[in-house]
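Student: I'd like to ask you about the structure that follows.
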Amino acid sequence: MKILNGNEVSKAIKLEIKQKVDALKSAGKKTPHLAAILVGEDGASMTYVAAKERDCTEVGFNSTVLRFGSDISEEKLLEEVEKINQNKDIDGLIVQLPLPKHINEKKITEAISYKKDVDGFHPMNVGMMFKGLRTFLPATPYGIIKLLDHYSIETSGKHCVVIGRSDIVGKPMSALMLQKNCTVTVCHSKTQNLTDFTKNADIIIAALGIPLFLKADMIKEGAVIIDVGITRVADETSKNGFRLKGDVDYENVAPKCSYITPVPGGVGPMTRVGLLLNTLDAIELYQKD
Ligand code: NAD
């Protein structure tokens, strides 16, 4: 069994991004600039945005965080998004979710110009991704593809089971694995006899958000296991009072599989790299417009 080390691979990719940014700078070209909108004071959201800012600094991007109180109106937030759409200096915009209940998240994320939608959530980008056209890819599936590529994991002709069908992970993941010539099965909360599928899978991507869901007796010997899940599980022995648990029963599954991602240190850091790669791509795709 080999660990797919997202920490190490993301470090190597960040270094490559930094070298490309340095080259852009020395050629007198534009420095990629990522903007993030943060509404309210949700602890997890603040942590995620701070991590994204640190990542930008590390690779030499410019970054801007626009902070608004949780009482901002939907109309005002739409105006702010439009200002960034029009701002030629900003290449990518993300809106940290969740937004307060009085604001329609779909309306806000779809108001972002598809040319700056580095989260890859805009219907235009989703459509382009499904058609296999070059565009921004949702960060988590993008990071997972990079991880599989880094370890040269064979996908062609393999049976891949994706557990979960969310718009940000399961659905785009299944489209990208199809493009990598896998035979793809998507399982979800209404799937019956899920183990019948997972037991025959060469690659399993678990993205359902139920800690330790995938057990050793649900997989076949030698399968590749990608664990997307991150759930905070209360644990008094930890200094934060919780531990992060994946969707895979790592301890028992690891000895049976060929490759596995740990939680933390697997898919999480690769997701952050996915966003950076999209922001760099924004320069190549749309800077000349
Ligand atoms: P979601 O809640 O939007 O979707 C969960 C999916 O799981 C649904 O499609 C549902 O049908 C399916 N599901 C639920 N119960 C099931 C069951 N018993 N059997 C089979 N399928 C079932 O979640 P999401 O946003 O896709 O995230 C999934 C998990 O991945 C969460 O733990 C989330 O925190 C984590 N996540 C991690 C990263 C990362 O960077 N590591 C990024 C995004 C999400």
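Student: I want to check the label-to-label distance for Tyr286 and Glu16. Put each point 7 Å from Cα in the C-beta direction and report it in nm to one decimal.
Tutor: Spacing of the two 7 Å Cα→Cβ label points: 2.3 nm.
Student: Reachable aspartates and glutamates from Lys76, Cα under 16 Å, same-chain residues fewer than 8 places away excluded?
Tutor: Those aspartates and glutamates meeting the cut-off are Glu105, Glu110.
Student: Please identify which residues in the stretch 66-93 have an amide N closer than 17 Å to a label point set 7 Å out from the Cα of Ala50, following the Cα→Cβ vector.
Tutor: 66-68
Student: Can you list the cysteines of the chain that have no other Cys Cβ under 4.7 Å away?
Tutor: Those would be Cys56, Cys187, Cys257, since no other cysteine Cβ in the chain comes under 4.7 Å of theirs.
Student: If we sort 107-114, 11-18, 268-275 on the protection proxy, mean other Cβ atoms within 10 Å, highest first, what's the order?
Tutor: For the peptides 107-114, 11-18, 268-275, the packing ranking is 268-275, 107-114, 11-18.
Student: Here's a follow-up. I need the semi-axes of the equivalent ellipsoid of the stretch 174-289: take the C-alpha gyration tensor, multiply each eigenvalue by 5, square-root it, list largest first in whole angstrom.
Tutor: The equivalent ellipsoid of the stretch 174-289 has semi-axes of 28, 22, 13 Å.
Student: Tell me the relative contact order for the chain as a rounded percent, counting alpha carbon contacts under 8 Å between residues six or more apart.
Tutor: Result for the chain is 21 percent.
Student: Working out 0.36 nm times the residue gap between Glu41 and Glu82, then minus their Cα-Cα distance, what length gain in nm do you get to one decimal?
Tutor: 12.5 nm
Student: What do you get for the angle between helix 139-150 and the principal long axis of the chain? Use alpha-carbon atoms, 0 to 90 degrees, nearest ten.
Tutor: In the chain, helix 139-150 runs at an angle near 60 degrees to the longest axis.
Student: Using only Cα atoms, find the angle between the long axis of helix 170-179 and the longest principal axis of the chain, and express it within 0 to 90 degrees, rounded to the nearest 10.
Tutor: Roughly 80 degrees, rounded to the nearest 10.
Student: Highest mean first, how do 45-52, 127-134, 227-234, 30-37 rank when packing is the count of other Cβ atoms within 10 Å averaged over residues?
Tutor: Final packing ranking: 30-37, 227-234, 45-52, 127-134.
Student: Continuing with the same structure: Starting from the Cα of Lys220, step 7 Å toward the Cβ, then list every residue of the stretch 197-212 with an amide N under 13 Å from that point.
Tutor: Only 197-204 pass the distance filter.
Student: Tell me which trypsin sites (Lys or Arg not before Pro) from the stretch 136-197 have a DSSP coil assignment and no more than 12 other beta carbons within 10 Å of their own.
Tutor: Passing both the DSSP loop test and the Cβ count: Lys190.
Every number here is computed from the coordinates shown, using simple stated rules; none is lab data. If you're wondering where the values come from, they're calculated on a predicted model, not measured in any experiment. All Cβ positions, glycine included, derive from the backbone under ideal geometry; neighbour counts span all protein chains shown.
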